[in-house]
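Notes for the one structure printed next.
The values are calculated or read from the model by the stated rules, or taken from the named source; none is laboratory data. Bear in mind the structure is a predicted one, so any value in this text is a computation, not a measurement. Note that we place each Cβ from the backbone using ideal geometry, even for glycine, and neighbour counts take in every protein chain shown.
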Amino acid sequence: MTSSPGPDPRLARRLILDELFDLSLYEALHRVAPPPERQVLAELIPVERRHLAFWQQFFGLPLDRLDWGRRLKLALLVLVCRVLGASAIHLVLEAIEVHGVRKYLGVWKTYGDGPLGPAVREVLEDEFRHEDAVVTGGESRWINSERVRDIFLGANDGLVEILGAVSGFFAAFGASVTLVMAGLTVAVAGALSMAAGAYIAMSSEIEVARVEAERQRFLGEPGGKVSAERPLVSAMVVGITYFLGAMVPVLPFLFGATTVVPTVVTAGSIIIAVSTVLSFLSGMDVRRRILTNLVIIAAAVGVTYAIGVITKAVWGISV
């Protein structure tokens with residue numbers, strides 16, 4: 001029988017600081033939250049204090065001060081919750097819960113078979129059951145995984161596709177009215193196409209699920225779950241976010257940009273912001289998501305710009 005590996009110092013530091021961050025966030029939000037949310041936070045704070053004390057003792061690291069990155073994140077989240085109120089607080093609480101589930105499952109894989117496995121399991125059950133009941137009890141979930149997917153799909157595709165198109169147009173035409181008109185035309189066509197695709201895909205998915213659920217009911221088996229997502233809503237979200245993302249590469253030229261650099265910088269900044277927000281809400285790895293999208297953007301710009309240069313050189317296109 002293999003023994004559980006010893007504590008990883010980096011994992012120990014991350015777990016303790018994450019619990020300290022959650023506790024600090026809940027305490028800060030408790031001071032500014034409306035009464036219903038204040039009650040939820042009041043129930044969560046003792047749980048986080050217990051978890052923090054456990055991990056400090058577990059690893060023998062009495063860390064009690066956040067690093068600068070977590071302090072900045074804390075300040076930004078509190079500011080957003082102050083401005084947007086209860087809705088933002090619910091989103092933040094659910095996002096923290098999603099991150100906690102992913103994090104603690106990783107801890108269980110590392111320490112679950114060791115001598116401290118029972119203690120780790122107790123913390124995990126407390127995290128999963130108590131916090132899930134407190135955060136979502138009596139409320140529908142604010143974070144809809146399909147809605148997150150639609151937003152990211154639309155904004156990401158619109159930004160990357162039109163950035164690539166604009167880069168190619170610029171290499172062939174230069175900064176001109178033709179470039180702006182071409183970019184807007186492609187953006188509108190792409191938004192309609194994405195919306196139609198999302199509507200057809202979700203409608204087909206729901207119909208297949210409905211048929212399967214009816215088959216199971218006929219056979220007396222437990223009925224399958226049919227998505228409550230509405231195809232038209234999904235289509236509108238994808239189409240609108242696609243168009244908004246697509247406008248990012250075009251706007252610098254509308255304001256007089258004469259090179260492709262402002263467009264690339266603006267698009268890169270927006271994709272970093274979108275990736276960060278959606279990664280936080282859905283529990284994805286932020287650094288990996290940002291790196292993946294930046295690589296995609298670089299490839300799109302490089303390839304399409306090269307095509308534009310070749311097209312201009314071979315066919316002598318100019319405007």
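Do we have Ile89 as surrounded by 15 or more Cβ atoms within 10 Å (Cβ to Cβ), over 21 Å from Asp285 (Cβ atoms) and touching a His at 6+ places or on another chain (Cβ under 7 Å) here?
no
Select from the stretch 1-12 the residues that are surrounded by fewer than 15 Cβ atoms within 10 Å (Cβ to Cβ) and not β-branched (Val, Ile, Thr) and write down the one among them that is modelled with the lowest pLDDT.
Met1
Can you name the condition, by its number, that Asp22 falls short on among (1) under 27 Å from the mean Cα position of the chain (by Cα); (2) over 19 Å from Ser279 (Cβ atoms)?
Asp22 satisfies all of (1) under 27 Å from the mean Cα position of the chain (by Cα); (2) over 19 Å from Ser279 (Cβ atoms) except (2).
Give the residues of the stretch 162-221 that are more than 30 Å from Leu254 (Cα to Cα) and in contact with a Gly (Cβ under 7 Å, 6 or more places away or on another chain), sorted by residue number.
Ala209, Glu212, Ala213, Gln216, Arg217 - these are the residues of the stretch 162-221 that are more than 30 Å from Leu254 (Cα to Cα) and in contact with a Gly (Cβ under 7 Å, 6 or more places away or on another chain).
Here is a list of conditions, (1) more than 29 Å from Ala88 (Cβ to Cβ); (2) surrounded by 15 or more Cβ atoms within 10 Å (Cβ to Cβ); (3) modelled with pLDDT under 80, and Val274 meets all of them except one; can you say which number that is?
(1)
All but one of (1) touching a helix residue (DSSP H, G or I) at 6+ places or on another chain (Cβ under 8 Å); (2) at pLDDT below 75 hold for Tyr199; state the number of the condition that does not hold.
Going through (1) touching a helix residue (DSSP H, G or I) at 6+ places or on another chain (Cβ under 8 Å); (2) at pLDDT below 75 one by one, Tyr199 breaks only (2).
Here's the yes/no breakdown for (1) part of a helix (DSSP H, G or I); (2) at pLDDT 75 or above; (3) crowded, with 17+ Cβ neighbours inside 10 Å:
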residue	(1), (2), (3)
Phe152	yes, no, yes
Val160	yes, yes, yes
Ala165	yes, yes, yes
Phe170	yes, yes, yes
Thr178	yes, yes, no
Ala182	yes, yes, yes
Met194	yes, yes, yes
Glu214	yes, yes, no
Pro222	no, no, no
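Just to be sure before I move on: is Phe255 surrounded by fewer than 19 Cβ atoms within 10 Å (Cβ to Cβ), at pLDDT 80 or above, within 19 Å of Ala187 (Cα to Cα) and not β-branched (Val, Ile, Thr) in the structure I sent?
yes
Scan the stretch 168-213 for residues that are farther than 30 Å from Lys312 by Cβ and either of a type in the set (Gly, Ala, Ser) or not assigned by TED's automatic domain parsing to the domain that holds Ala299 (or both) and jot them down.
Correct list: Ala195, Ala196, Gly197, Ala198, Ala201, Ser203, Ser204, Ala209, Ala213.
Rundown of residues vs (1) surrounded by 13 or more Cβ atoms within 10 Å (Cβ to Cβ); (2) of a type outside the set (Lys, Arg); (3) part of a helix (DSSP H, G or I), yes/no style:
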| site | (1), (2), (3) |
| --- | --- |
| Gln56 | yes, yes, yes |
| Arg65 | no, no, no |
| Leu72 | no, yes, yes |
| Glu97 | yes, yes, yes |
| Asp126 | yes, yes, yes |
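Please go through the stretch 55-108 and pick out each residue that is acidic (Asp, Glu) and more than 17 Å from Arg13 (Cβ to Cβ). Before the answer, list the steps.
Going through the stretch 55-108, the residues acidic (Asp, Glu) turn out to be 64, 67, 94, 97.
Result: Glu94, Glu97.
What is the one condition in (1) aliphatic (A, V, I, L, M); (2) more than 20 Å from Arg102 (Cβ to Cβ); (3) surrounded by fewer than 20 Cβ atoms within 10 Å (Cβ to Cβ) that Ala246 does not satisfy?
Of everything listed in (1) aliphatic (A, V, I, L, M); (2) more than 20 Å from Arg102 (Cβ to Cβ); (3) surrounded by fewer than 20 Cβ atoms within 10 Å (Cβ to Cβ), Ala246 misses just condition (3).
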